[in-house]
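Data block below; observations after.
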Amino acid sequence: MITVFGSINLDLVTLVARLPGPGETIATTHYDTYPGGKGANQALAAARAGAQVAMVGSVGEDDFADLALAPLEAAGIDITGIVRRPGHTGIAMISVDPSGENQIVAANGVNLDSLASQLDEPRAETTLLLQMETQADENWIAIRAAHAHGVRTILNVAPAAPIPADILEILDVLVANELEVAIVAGDLGRAGSGSDDAARHLVAAGVGVVIVTLGAAGAVAHTPEATWKIGVPNVAVVDTVGAGDSFVGALAAALDGGADLGLAFHRAAIAGSLACRRLGAQSSIPDAAEIDAWVPRLDPPNQRYLTLGEQR
């Protein structure tokens with residue numbers, strides 16, 4: 001069972017000839033609406049990958065709330081932990097260029113009113129999945145409680161923010177891109193000379209697994225004993241929005257289902273890449289059958305054991 005504590009948004013997506021520069025206006029013909037929010041995206045990705053999922057968060061008392069919740073309900077996700085609050089459902093304004101690159105501005109709305117106290121009593125041998133689109137202090141409360149009850153904790157530190165040392169010491173899995181991992185390690189004074197160094201510093205600080213996503217270059221997973229590297233499937237990229245959330249959701253689903261790190265990492269890399277084939281965050285998330293079909297088409301992660309001198 002996976003419980004996701006995180007954001008629930010409605011995405012407003014425009015296709016543009018190119019992304020605007022500072023102070024520049026770019027005109028386009030129309031926009032589309034898609035349910036989103038990193039929390040909801042990852043909950044849906046985990047459910048489509050085969051996990052039993054509950055979503056905990058907040059939506060506003062507005063029309064956007066029903067649009068944002070509909071895909072979660074349709075996927076059979078438990079939404080009883082979602083509270084309707086006075087105010088606005090979160091939105092993300094997304095521009096996508098012809099290469100699939102995107103530019104995003106998010107207005108968090110009532111996502112910032114979500115409380116760790118909305119979570120049920122933690123149960124051992126389950127998974128708690130979090131991001132950084134809610135109040136950070138509420139995340140830390142939830143992680144401490146989960147750890148005390150033997151719950152696996154996965155944090156996608158996006159957008160990047162400082163993580164307290166005592167949270168790093170008990171966090172099971174941290175997922176970040178190259179910029180995010182550098183920011184988190186840099187806050188500890190340990191940025192190093194690249195994302196590998198930054199990730200290893202966070203492992204040394206206590207995190208069980210640090211995974212750095214590298215876009216088209218794949219991803220790297222760091223543990224105290226080894227480094228795992230994986231590429232990505234060769235797919236036609238339409239839109240990279242939601243790729244990271246598909247990666248994280250599939251990773252959580254595999255780990256929660258009992259897979260080892262290598263298999264979970266393999267499935268996550270496939271899911272993240274397949275999400276680039278379609279427009280939108282949730283509309284692009286692959287299901288378990290799609291991931292299964294691509295497993296033989298992508299080499300499994302390459303594992304390299306670290307020497308004593310490389311561990312730090």
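Looking at A271, A254, which one is crowded, with 24+ Cβ neighbours inside 10 Å, out of contact with any Asp or Glu (no Cβ under 7 Å at 6 or more places or on another chain), more than 27 Å from L12 (Cα to Cα) and not aromatic (F, W, Y)?
On the way: A271 fails: more than 27 Å from L12 (Cα to Cα).
Of the residues listed, the single one that is crowded, with 24+ Cβ neighbours inside 10 Å, out of contact with any Asp or Glu (no Cβ under 7 Å at 6 or more places or on another chain), more than 27 Å from L12 (Cα to Cα) and not aromatic (F, W, Y) is A254.
If a residue has to be touching a Leu at 6+ places or on another chain (Cβ under 7 Å) and either within 13 Å of T3 (Cβ to Cβ) or at pLDDT below 95 (or both) to count, how many in the stretch 47-63 make the cut? Quick ask: steps written out before the conclusion?
Within the stretch 47-63, the subset touching a Leu at 6+ places or on another chain (Cβ under 7 Å) is 55-56, 59.
Okay, now just the ones that are also either within 13 Å of T3 (Cβ to Cβ) or at pLDDT below 95 (or both), so 55-56.
The total comes to 2.
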In the stretch 128-182, which residues are in a loop (DSSP other than H, G, I, E, B) and under 11 Å from the mean Cα position of the chain (by Cα)? Q131, M132, E133, V157, A158, P159
Counted residues, the stretch 229-262 - those being free of Cβ contacts under 8 Å to residues at least 12 places away in the same chain and not acidic (D, E): 3
From the options L10, L67, L44, residue that is part of a strand (DSSP E or B), of a type outside the set (S, T, N, Q) and touching a Pro at 6+ places or on another chain (Cβ under 7 Å): L10
Looking for whichever is under 24 Å from P301 (Cα atoms) and of a type in the set (G, A, S) here; the options are A199, A165, A145, A136. Which one fits? A199
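Restricting the search to the stretch 70-107, which residues are assigned to a loop (DSSP other than H, G, I, E, B), buried (at least 22 other Cβ atoms within 10 Å of the Cβ) and in contact (Cβ under 8 Å) with a residue 40 or more places away in the chain?
The initial filter retains those residues of the stretch 70-107 that are assigned to a loop (DSSP other than H, G, I, E, B), namely 75-77, 86-89, 97-101.
In the following step, the residues that additionally are buried (at least 22 other Cβ atoms within 10 Å of the Cβ) were identified as 77, 89.
Within the stretch 70-107, just T89 meets the criteria.
From the set of residues in the stretch 3-57 that are among the hydroxyl-bearing types (S, T, Y) and out of contact with any His (no Cβ under 9 Å at 6 or more places or on another chain), which is surrounded by the most Cβ atoms within 10 Å (Cβ to Cβ)? Let's see the steps before the verdict.
Initial filter on the stretch 3-57 (among the hydroxyl-bearing types (S, T, Y)): 3, 7, 14, 25, 28-29, 31, 33-34.
Next cut, out of contact with any His (no Cβ under 9 Å at 6 or more places or on another chain) only: 3, 7, 25, 28-29, 31, 33-34.
Details: T3: 25, S7: 30, T25: 5, T28: 11, T29: 7, Y31: 13, T33: 14, Y34: 23.
In this case the residue turns out to be S7.
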Scan the stretch 170-178 and tell me whether some residue there is farther than 22 Å from A250 by Cα, buried (at least 20 other Cβ atoms within 10 Å of the Cβ) and touching a Leu at 6+ places or on another chain (Cβ under 8 Å). no
In the stretch 126-146, anything out of contact with any helix residue (DSSP H, G or I) (no Cβ under 9 Å at 6 or more places or on another chain) and either surrounded by fewer than 20 Cβ atoms within 10 Å (Cβ to Cβ) or without any contact (Cβ under 8 Å) to a residue 12 or more places away in the chain (or both) is listed as A136
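Going by the conditions given, is G192 touching a Leu at 6+ places or on another chain (Cβ under 7 Å), on the phi > 0 side of the Ramachandran plot and either modelled with pLDDT under 95 or not aromatic (F, W, Y) (or both)?
On the way: touching a Leu at 6+ places or on another chain (Cβ under 7 Å): no; on the phi > 0 side of the Ramachandran plot: yes; either modelled with pLDDT under 95 or not aromatic (F, W, Y) (or both): yes.
When the stated conditions are applied, G192 does not pass them.
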Quick one: count up the residues across the stretch 275-285 that are surrounded by fewer than 24 Cβ atoms within 10 Å (Cβ to Cβ) and of a type outside the set (D, E, K, R). 5
Scanning the stretch 108-125 residue by residue, those of a type outside the set (S, T, N, Q), over 18 Å from the mean Cα position of the chain (by Cα) and surrounded by fewer than 23 Cβ atoms within 10 Å (Cβ to Cβ) turn out to be D113, L115, A116, L119, D120, E121, P122, R123, A124, E125
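The values are calculated or read from the model by the stated rules, or taken from the named source; none is laboratory data. Only a predicted model underlies this, so the values are computations on that prediction, with no experimental measurement involved. Heads up, the Cβs are rebuilt from the backbone with ideal geometry, glycines too, and the neighbour counts pull from every protein chain shown.
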